[in-house]
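The values are calculated or read from the model by the stated rules, or taken from the named source; none is laboratory data. The shown structure was predicted, so the numbers you read here are calculated from the model rather than taken from an experiment. Don't worry about glycine lacking a Cβ; one is built from the backbone with ideal geometry, like all the others, and counts go over all protein chains shown. Accessible surface areas use protein heavy atoms only, side chains included; no ligands, DNA or RNA. Shrake-Rupley method; radii C 1.70, N 1.55, O 1.52, S 1.80 Å.
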Amino acid sequence: MGSEIVALSEAWQHVLPALLAAGLAAPAFIYYLHQRLMGEKTGEAIGKPRIDELAEQVKSGAKAFLREEYKYLAVFVVGFTIILGFLYGLQPVLDDGLDGARVAFSFFTGASLSALAGYAGMMVATEGNSRTAAACASGSLNDGLTVAFTSGAVMGFTVVSLGLLGISIVYLILTIGVADGQPGRMQSLQLLSGFGFGASSIALFARVAGGIYTKAADVGADLVGKVEAGIDEDDPHNPAVIADNVGDNVGDVAGMGADLFESYVGSIIAAATLGVPLGDKYIALPFWLSAAGVITSVLGCAFVKTEEEGKGWDVKLSSLMWALEKGMYVAGAAFLVVAAIIIIVLFGVDGGPDECGTISCTSINGWKLFLCILIGMVAGMLIGKVTEYFTSFDFGPVISIKDRALTGPATVIIQGLGVGMISCVPPTAILVIAIIVCSALASSYGVAVAAVGMLATLGITLATDAYGPVADNAGGLAEMAGLDASVRAKTDSLDALGNTTAATGKGFAIGSAVLTSLSLLSAYKQQINMGGGTVLSFGVGDPLVLSGLLFGAMLPLLFAALTMISVGKAAAEIIQEVRWQFDNVTNANGDTLRSAIEKASSGIKISPEEDVIPLSDKCVLISTRSSVKEMIAPGSYAILAPLFIGFMIGPKCLMGVLAGALISGCMLAILMSNAGGAWDNSKKLCEKLKIKKTDQGKACVVGDTVGDPFKDTSGPALNILIKLMSMVSLTVSPLLQGKKDWQSWYFGLIPLAIFIIITGILAKKDILTWKDPLQNLAAAPVASGDGGKSSDGGLGPEAVKLGVFEEEEPKARLPDHVDGKTAKPSSAAVRCGCFGGTM
């Protein structure tokens, strides 16, 4: 057969398989998984109700954070919806006067679904953590693995379903009233980029705020708890441990869900946009491939199980990793079979004609596209394995960091940075080869299809990634609830695997971000040159393009610096609060939290009456307020920079900015993610070798603390930065068509002025500042005449400032009971946060 089996001429035919897979199959599977998860035993069912109480604290903290974050994001979404509607109303793609409404609807829907994906994932994860702990307590390691993976799978398929269903429905709506054929398709896809803009912007804010939250709490808990007090990671006496567990959900689950939601829809938008000049079947291909990935991911989930026993850190990681990998490999192999069938259906058995020149193609043979799909999948898997090599404690790079710890924290940090830099080489080589081969086979469309192929089985890929935070939380709950060592051994085994899946997931996210961003870059170039005027050249030798490259290469470093400094400032507040609680929070007998820690560390059994319960909610509050205010600067700059460059200077300089940010951001993201992961697992290796409380182990803890914002805040957020800037540029590209350099430069003054005003306000509020965040608290005078105690603890009104606004002093909430006994803090313990006490 020499021709395609079906001919596509209607928009609904482009997305029908996607609608069926994302609208019927995925929701049915999600419902089945959720019912199965909710049917698992809870702590109360196994006689350990304390697990459920702690899990509820984590869940309420996570919900409180997202509510606070979404208040800010709601203002942003509504504001940009109005702005985009106004701009496209002034300069529409069509002449029917509805373009403003179309692009506003597209942006609002993308932003809303991205936020919903993150929230839904977080809710499921907080249901799964207690059930995973209970499964490990009452069953085998495989029982715990199954429950944790089921939680991750609910999140993974929710993200995929919302993304694919949302973009398919929006595409159909945007084609209503638009002429059939190539002009109509292009007009619809120009407006569909607004969906990606909305998803990208929410993803960035969610990743940044969640990352700052989780790492501020983690750094504070580690430095004061592990290094200074010498207690275990999830010791219930650590006031920051609940905030740390909350952070796993808001950063590693909600933030990650929004991140990969944006990558998923971005790859589809880029491929469909580049497919318009080639014909309807090239528009349909990314939708059909994504639908196939949903179905085959369901198949892969059935193969996830293990026969390993829970041996804690002595577990063989490669065997546990195989439990998850075989599911992904089955899904990948099945996807390739279905992809081959799709190629035959759309292009015919022989793949159809192939007419590619040196610059572009008018038609591409379907089997060449199949090779691009295969290359994308293989590249994603290879990047994951390379990342595993550099971050797993089974291999040389991490072992070398542990060895350097013999000479102190400084050499740990030096070695970790070296490992991170070297780790850039293999992924870069893999990406370069994939891009060159796909481009040679099918031009820029081939690269876009490779990105779709890499992300097609995202349902199961994200399930293995989201599994990690659930397992980590389960271990924390097991330790805080005082479960026996055999349970902790199982959760430690799951946590060890989770560290590896998290690291490989970050590598996969970076690879997919680069391919997606490059595809969006090509789509932007295509859109700019469709205005009917002079075709623009984007040669590197052009001064404007080169200037853009330099400016763009700087932006990821600025972005990383802002997020790193934010983590440091928020962590400082947590550290001070934890230190203060150690010496000031007491039980009914007047015993301090520090005395309880000393007894527990000496192996003395503490009765419920003698125990001291920390004020965990105060650390949750500090992390929430700090992360929300600190996300404003990096998020705003990422959106405004391409806008003022594009409108003020022109599309050529903007192309340089996007290319520079892509190259710089890719290298920095790989370095930061892998260095952070290697530092983290060097600490885990010390735990495995039972040397964590020696000077060598403490040096590795310091390295891990430095690496926390590397791998969980700045590194992952850089993936979104490069995609967001490309998506913003693609969204406004119709407004830049036919513009010469510096033409209408005065329009660029508007986003530039907003950029400057935001910077001024944040500097005025001491959010962008070099000042010590605790200087006002440390310098505040102690009130006299009342024994050194006043209504604000002698620290003045600054002591109750936790955000960019002031409000009444928050009330610290305690657990209602601890084993039937009421917890009673000292009178000073109800002060709120950030106190300048010393150890």
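Table for the structure above
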quantity	calculated
Accessible area of segment 393-433 belonging to carbon and sulfur atoms, whole % at 1.4 Å probe	80
³J(HN,Hα) computed for each position of segment 519-525 - Karplus, 6.51 cos²θ - 1.76 cosθ + 1.60, integer Hz, glycine/proline x	5, 5, 4, 5, 5, 4, 4
Paired Rg and Dmax values of segment 525-675, which use every Cα atom, in angstrom	25.8, 82
Paired Rg and Dmax values of segment 41-136, which use every Cα atom, in angstrom	20.8, 67
Three-way shape label, segment 411-503, alpha-carbon gyration tensor, a/c 1.5	oblate
Orientation-averaged projected area, Cα convex hull of segment 612-668 (nm²)	5.7
Interchain or long-range residues, amide H under 5 Å from Ser363's placed H	Glu355
Accessible carbon and sulfur surface of segment 718-776 relative to its total accessible area, %, 1.4 Å	66
Farthest positive-ward along segment 334-414 dipole, Cα basis, beta-carbon charges - from Pro409, Ile343, Phe393	Pro409
For segment 498-521 versus segment 239-262, the gap between their alpha-carbon centres in whole angstrom	18
Sites Leu749 and Leu24, calculated FRET efficiency, Cβ-Cβ separation with R0 41 Å, nearest 0.05	0.25
Gain on full stretching of the segment that runs from Val78 to Ala561 - 0.36 nm per residue minus C-alpha separation	171.0 nm
Length added when fully stretched, Ser602-Ala333, from 0.36 nm per residue minus Cα-Cα	91.5 nm
Protection proxy ranking of 564-577, 504-517, 423-436, 244-257 - average other beta-carbon atoms within 10 Å, highest first	244-257, 504-517, 564-577, 423-436
Residues whose placed amide H lies under 5 Å from that of Thr586, excluding near-sequence neighbours	Ser826
Positive-end residue, segment 615-748 charge dipole about Cα centroid, Cβ charges, pick of Gln737, Met727, Cys619	Cys619
